[in-house]
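What follows is a single structure, written as structure tokens, with notes after it.
The values are calculated or read from the model by the stated rules, or taken from the named source; none is laboratory data. No experiment lies behind these values; they were computed from the predicted model shown. No Cβ is skipped: glycine too gets one built from the backbone with ideal geometry, and neighbour counts run over all protein chains shown. Ligands, DNA and RNA are excluded from the accessible area calculation, which covers all protein heavy atoms including side chains. Shrake-Rupley method; radii C 1.70, N 1.55, O 1.52, S 1.80 Å.
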Amino acid sequence: MLAAMRIVAGQARGRRLLAPPGRATRPTADRVREAIFSMVSARLELEGVRVLDLYAGSGALGLEALSRGASHCTFIEREASCAEVIAKNAAALGLGARAALLTTTVEAGLPRLGAEPQRFALVLTDPPYRDDPWPPLAALVALGLLDPAALIVVEHDLRRELPASAGGLRRLLTRGYGKTGVSLLALEALAPEEST
């Protein structure tokens, strides 16, 4: 049985989140979310930034960013049942006005975003572990969806090591939490050298 998910910090700290029904999603554990935002906040001021949450599931990652001061989050989630949970969670936390939801695949959703004049400073992506995470990441670069100093967080199977550089992005670091790997990436042209 899954432990109850909660917002870890910010204006909605301690508030419970609904989880999508069934076992099709893999909600990010609170301790992993806390570690992710510790890594992010050391490199990016969240206050006022635009966030993109791909493969959003319950919306926990994007909602955490909103709770911590992000100005807006766009969620992309293909499963209607999960999208309904995201909408309910956003409304219950009083964050609905700062959220947009696309109920579609990431592959279809990113070009739609690319047609609009918007860029994201933080991208949170938690694809199914069996999927290759790089094609949508490369699409972010190709479509011009990233701020120059954007950070990209990728959750993945720890046994799948992401390349040091690909698709215009450089991996800054990878940390392991049980079976979950969390990699932090930035645009290759501007990414500082860091140890992995």
Which listed residue, of Ser58, Ser38, Ser81, is of a type in the set (Ser, Thr, Tyr), under 16 Å from the mean Cα position of the chain (by Cα) and part of a helix (DSSP H, G or I): Ser38
Single unsatisfied condition, Pro21 versus (1) without any contact (Cβ under 8 Å) to a residue 60 or more places away in the chain; (2) surrounded by fewer than 17 Cβ atoms within 10 Å (Cβ to Cβ); (3) in a loop (DSSP other than H, G, I, E, B): (1)
Set Ala60, Ala115: member being modelled with pLDDT under 95, surrounded by fewer than 19 Cβ atoms within 10 Å (Cβ to Cβ) and of a type outside the set (Ser, Thr, Tyr): Ala115
Extreme residue, farthest from Thr104 (Cα to Cα), among residues of segment 124-150 that are open to solvent by less than 50 Å² (accessible area, probe 1.4 Å) and at pLDDT below 90: Trp134
Residues satisfying the stated conditions in segment 165-196, i.e. modelled with pLDDT of 90 or more and surrounded by fewer than 14 Cβ atoms within 10 Å (Cβ to Cβ): Leu173, Gly176
Single residue of segment 10-35 satisfying the filter (at pLDDT 80 or above and farther than 21 Å from Ala87 by Cβ) that is farthest from the chain's Cα centre (by Cα): Arg31
Residue in segment 101-108 that is in contact with a Ser or Thr (Cβ under 8 Å, 6 or more places away or on another chain), surrounded by fewer than 18 Cβ atoms within 10 Å (Cβ to Cβ) and part of a strand (DSSP E or B) present: no
